[in-house]
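The values are calculated or read from the model by the stated rules, or taken from the named source; none is laboratory data. No experiment lies behind these values; they were computed from the predicted model shown. Reconstructed Cβ throughout: ideal geometry from the backbone, glycine too, with neighbour counts over all protein chains shown.
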Amino acid sequence: MSVPLTIEWRIVTNEEEKRINTKENIFEITFSGYRLFPIDVPIDIMRHEDSDQIGSAIVQKIIFEHNQTICRYQLVSLYSVN
């Protein structure tokens with residue numbers, strides 16, 4: 001049985017991220033399906049698919065379970081808070 005997997009080069013949050021650690025700017029977001037992100041390198045963060053980049057993040061951990069991907073990342077730069 002094959003498992004669909006999408007390789008991503010940016011994180012699109014759709015404003016569904018949860019802050020886990022305020023001091024270190026650690027966030028977590030859950031996606032439906034299985035998505036693979038580069039780990040330990042900066043990637044773009046966007047609020048919506050068609051919006052501008054709002055910052056950069058480094059993915060620290062990816063968990064695949066129950067047809068979902070849990071992605072934990074550290075926000076390393078923020079371009080705009082609006």
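Which strands (runs of 3 or more DSSP E) sit wholly inside the chain and have at least 3 residues that are at pLDDT 95 or above and surrounded by 17 or more Cβ atoms within 10 Å (Cβ to Cβ)? It would help to see each step written out before you state the result.
Details: elements: 5-7, 10-12, 18-21, 26-32, 34-36, 42-46, 53-65, 68-78.
The strands (runs of 3 or more DSSP E) meeting that bar are 26-32, 53-65, 68-78.
When residue 55 is tested against (1) touching a Pro at 6+ places or on another chain (Cβ under 8 Å); (2) under 18 Å from residue 79 (Cβ atoms); (3) not polar (S, T, N, Q), just one condition goes unmet, and that condition is (1).
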